[in-house]
Amino acid sequence: PSADLEDPYLDVCLFQGRRRWRYVRYLLAAFRGSHVRFPDVTYAKARTVEIPAVRDLPVQMDGDVVSRLPVTLRVYDPGIEVIVPCG
């Protein structure tokens, strides 16, 4: 809920539940922005996030596979230029 495009940090949310019904509950709460209040959810801001390889799993970004584990994610300091049509 506190994510901001102008904030120079990654918003990291770790869901620790292992049961399928917990993920349904996380999803419903995320729509309300209340998922970060669950005791089994950890929320943090970071400039770098390292995800180790437990198994050879794909890494998705916007629905496309862009890498495989392990992966390190970093904030890109210069940012990106976005062109938006007017009208």
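The values are calculated or read from the model by the stated rules, or taken from the named source; none is laboratory data. No experiment lies behind these values; they were computed from the predicted model shown. Positions of Cβ are backbone-derived with ideal geometry, glycine not excepted, and every protein chain shown enters the neighbour counts. We work out accessible area using only protein heavy atoms, side chains counted, and drop any ligands, DNA or RNA first. Shrake-Rupley method; radii C 1.70, N 1.55, O 1.52, S 1.80 Å.
Within segment 38-75, how many residues are of a type in the set (Lys, Arg) and assigned to a strand (DSSP E or B)? Outline the logic, then answer.
First, pick out the residues of segment 38-75 that are of a type in the set (Lys, Arg): 45, 47, 55, 68, 74.
Filter again for assigned to a strand (DSSP E or B), leaving 45, 68, 74.
Residues in segment 38-75 being of a type in the set (Lys, Arg) and assigned to a strand (DSSP E or B): 3 in total.
Among what's in segment 28-87 and is among the small types (Gly, Ala, Ser), out of contact with any strand residue (DSSP E or B) (no Cβ under 6 Å at 6 or more places or on another chain) and open to solvent by less than 100 Å² (accessible area, probe 1.4 Å), pick the residue that is modelled with the lowest pLDDT. It would help to see each step written out before you state the result.
Residues of segment 28-87 that are among the small types (Gly, Ala, Ser), as a first pass: 29-30, 33-34, 44, 46, 53, 63, 67, 79, 87.
Now narrow it down to the ones that are out of contact with any strand residue (DSSP E or B) (no Cβ under 6 Å at 6 or more places or on another chain): 29-30, 33-34, 53, 63, 79, 87.
From the residues that got through so far, the ones that are open to solvent by less than 100 Å² (accessible area, probe 1.4 Å) too are 29-30, 33-34, 53, 63, 79.
Values: 29: 92, 30: 89, 33: 87, 34: 90, 53: 89, 63: 82, 79: 72.
Ranking the candidates gives 79 first.
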